[in-house]
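Working notes, beginning with the structure itself.
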Amino acid sequence: MASKNLKAIAVKGTGEITVNEPDKFKEVAKNAISYVRKSKANHTKYGTAQYTAIMNELGCYPTRNFQTGVFDGIDTITAEYMRENFFVKNQACFRCPVACSQLCEVKEGNFKGAKSDPEYETIGALGAVCGVSDFAAIIKVNEICDELGIDTMSVGVIIGFAMELFERGYITKKDTGGLELKFGNGVAMVNMIEKIAKREDIGDLLAEDNGLTSLPISS
């Protein structure tokens, strides 16, 4: 197809596409589903979050704006901790038998009532990259991002960058609208998400695609 510069073939019809030997197909599918559910990976129970502790143990878990690869607050953002303290139910993509998505709910504290389904990369970006070990804050930010259509991974990295600038003195509370934007401050992370969405204070710059390189800082 490539040699003929043909990228796709579109077919329109009214009939059904049948499977050859459907009984054998069903048996193979059944065995495959059973194997996946019994595997050590256990995606149904822990989802993609199970890789959080593994990557941290390997020393390649981006932490505090990629300054290190090991997060000392890992114990409260692992899949096991999530499952034990926040898990509500499994969710699945359409027709998927694995249902690896973990719907979580904050049951107490500042973010009580927040619901979302954090995945591995979301937990990494909003957790270790920002130095945040408060899983409730991660759930809350994930919820806000879902509601506003913001990519959790991108915004987590952006906020982590801003946190390092704040700690190094390149930006101050005057820029952040009074927020103590330090690593580990989950409340400030939640508030900064809202500032980015509303384009308030430094959030106006961080909302831009090139926000990381256009901040007015000096050495």
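A few points about this structure:
- Any chance residue 171 is at pLDDT 95 or above and surrounded by 13 or more Cβ atoms within 10 Å (Cβ to Cβ): no
- Sub-6 Å Cβ pairs linking a first residue in segment 116-129 that is under 13 Å from residue 71 (Cα atoms) to a second residue that is hydrophobic (A, V, I, L, M, F, W, C) and part of a loop (DSSP other than H, G, I, E, B), at least 6 apart or interchain, are 123/77; 127/77; 128/71, ordered by first then second residue.
- Filtered by the rule that a residue be closer than 15 Å to residue 137 by Cα and either more than 16 Å from the chain's Cα centre (by Cα) or among the charged types (D, E, K, R) (or both), segment 88-116 gives 105, 106, 107, 108, 109, 110, 111, 112, 113, 115.
- Checked against (1) out of contact with any strand residue (DSSP E or B) (no Cβ under 7 Å at 6 or more places or on another chain); (2) within 20 Å of residue 185 (Cα to Cα); (3) in a loop (DSSP other than H, G, I, E, B); (4) not charged (D, E, K, R), residue 70 passes all but a single condition, namely (1).
- In a residue-by-residue description of segment 89-103, the property of being surrounded by 19 or more Cβ atoms within 10 Å (Cβ to Cβ) and in contact with a Phe, Trp or Tyr (Cβ under 7 Å, 6 or more places away or on another chain) applies to at least one position.
- Per the conditions (1) closer than 28 Å to residue 203 by Cα; (2) touching a Lys or Arg at 6+ places or on another chain (Cβ under 8 Å), the sole criterion not satisfied by residue 121 is (2).
- Every test in (1) outside any helix (DSSP H, G or I); (2) within 14 Å of the chain's Cα centre (by Cα); (3) under 28 Å from residue 198 (Cα atoms) is passed by residue 65 save one, and that test is (2).
- Candidate set: segment 176-194, residues that are without any contact (Cβ under 8 Å) to a residue 60 or more places away in the chain and at positive phi; chosen: the one surrounded by the fewest Cβ atoms within 10 Å (Cβ to Cβ): 178
- Exactly one residue out of 99, 114 is in contact with a helix residue (DSSP H, G or I) (Cβ under 8 Å, 6 or more places away or on another chain), farther than 18 Å from residue 158 by Cβ and at pLDDT 95 or above: that is 114.
- Hits in segment 104-130 - residues which are in contact with a Gly (Cβ under 9 Å, 6 or more places away or on another chain) and either surrounded by fewer than 22 Cβ atoms within 10 Å (Cβ to Cβ) or in a loop (DSSP other than H, G, I, E, B) (or both): 105, 106, 107, 110, 111, 117, 118, 119, 120, 121, 129, 130
- Candidates 52, 44: the one that is in contact with a Phe, Trp or Tyr (Cβ under 8 Å, 6 or more places away or on another chain), surrounded by 15 or more Cβ atoms within 10 Å (Cβ to Cβ) and touching a residue at least 12 places away in the same chain (Cβ under 8 Å) is 52.
- Residue within segment 16-38 that is of a type in the set (Gly, Ala, Ser) and not in a helix (DSSP H, G or I) present: no
- Candidates in segment 131-152 are the residues that are touching a residue at least 60 places away in the same chain (Cβ under 8 Å) and assigned to a loop (DSSP other than H, G, I, E, B); of these, the one that is surrounded by the fewest Cβ atoms within 10 Å (Cβ to Cβ) is 133.
- Just so you know, in segment 117-163 the residues that are of a type in the set (Asp, Glu) and more than 13 Å from the chain's Cα centre (by Cα) include one that is nearest to residue 59 (Cα to Cα), and it is 134.
- Those residues of segment 76-102 which are in a helix (DSSP H, G or I) and free of Cβ contacts under 8 Å to residues at least 24 places away in the same chain, in sequence order: 84
The values are calculated or read from the model by the stated rules, or taken from the named source; none is laboratory data. On a predicted model such as this, the values are computed, not experimentally measured, just so you know. Reconstructed Cβ throughout: ideal geometry from the backbone, glycine too, with neighbour counts over all protein chains shown.
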